[in-house]
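The values are calculated or read from the model by the stated rules, or taken from the named source; none is laboratory data. Quick caveat, the model's predicted, so the values are computed rather than measured. Methodologically, a virtual Cβ is constructed for each residue, glycine included, from the backbone with ideal geometry; neighbour enumeration extends over all protein chains shown. For accessibility, only protein heavy atoms count, side chains too; no ligands or nucleic acids. Shrake-Rupley method; radii C 1.70, N 1.55, O 1.52, S 1.80 Å.
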Amino acid sequence: MKICLFGGTFDPPHIGHLLIAQTVCEAENFDKILFIPAYQPPHKTEITPIKNRLEMLQIAVEGNPNFEISDVEIKRRGVSYSIDSIRGIMEDTGSDINDTFYLIGSDSLLDFHNWKDSKEILNECQVIVAIRPGFRPSDIPSWILHRIQFANIPRFEISSSNIRHRWVENKTIRYMVTLPVWDYINENNLYA
């Protein structure tokens with residue numbers, strides 16, 4: 001089975017996440033996209049509780065047979081490192097480097113060299129990168145650039161941080177998140 005792991009904070013999960021996941025799934029003929037919400041991202045301190053982020057993600061991916069959620073980082077607790085999740089999922093599924101991909105955005109690629117065991121990530125699975133506007137490959141070290149694959153999909157410019165800022169400023173986030181996720185944010189007063 002050809003799977004694509006898609007880790008992130010998903011605070012909140014937005015249309016960009018879903019569009020990227022769906023278009024990558026179709027472009028690369030993945031059997032499934034496995035969303036992996038981080039329990040505690042290594043480079044973020046102020047995040048919405050995992051319970052709320054997981055519930056929003058479940059609402060967002062509901063009904064898509066190509067999408068699943070893994071709770072591997074939630075069960076492990078502590079700081080969420082991609083390498084640990086990749087190894088755990090590969091062990092659980094019996095998959096290898098030929099059928100395991102790890103999807104990141106080009107914004108994350110800029111800091112990839114600082115990730116825990118970044119070289120090991122490149123050895124364990126195939127990293128596929130969704131390019132975001134403003135990305136320049138020349139900003140990436142060559143040892144990384146030669147080992148990754150760029151996704152052949154349209155570019156989408158929506159960010160969770162922008163959604164949170166817009167919410168605080170009482171600006172609409174309509175069309176940035178699904179309506180059920182918008183309702184969830186509103187009902188739980190998440191970003192007040």
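Here is a yes/no grid of residues against (1) part of a loop (DSSP other than H, G, I, E, B); (2) in contact with a Gly (Cβ under 8 Å, 6 or more places away or on another chain):
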site: 58; (1), (2): no, no
site: 96; (1), (2): yes, no
site: 102; (1), (2): no, yes
site: 123; (1), (2): no, no
Exclusive hit being within 25 Å of residue 156 (Cβ to Cβ) and in contact with a Pro (Cβ under 8 Å, 6 or more places away or on another chain), set 67, 30, 10: 10
Residue ID - most open to solvent (accessible area, probe 1.4 Å), chosen from residues in the range 121-142 that are over 22 Å from residue 44 (Cβ atoms) and of a type in the set (D, E, K, R): 136
From the options 163, 158, 89, residue that is open to solvent by less than 40 Å² (accessible area, probe 1.4 Å), out of contact with any Pro (no Cβ under 9 Å at 6 or more places or on another chain), touching a residue at least 60 places away in the same chain (Cβ under 8 Å) and assigned to a helix (DSSP H, G or I): 89
Residue match in the range 95-103 (condition: under 14 Å from residue 6 (Cα atoms), in contact (Cβ under 8 Å) with a residue 12 or more places away in the chain, among the aromatic types (Phe, Trp, Tyr) and open to solvent by 40 Å² or more (accessible area, probe 1.4 Å)): no
Residue match in the range 47-55 (condition: assigned to a helix (DSSP H, G or I), charged (D, E, K, R), surrounded by fewer than 21 Cβ atoms within 10 Å (Cβ to Cβ) and in contact with a helix residue (DSSP H, G or I) (Cβ under 7 Å, 6 or more places away or on another chain)): yes
Unique match (being among the basic types (Lys, Arg), open to solvent by 20 Å² or more (accessible area, probe 1.4 Å) and touching an Asp or Glu at 6+ places or on another chain (Cβ under 7 Å)) among 32, 44: 32
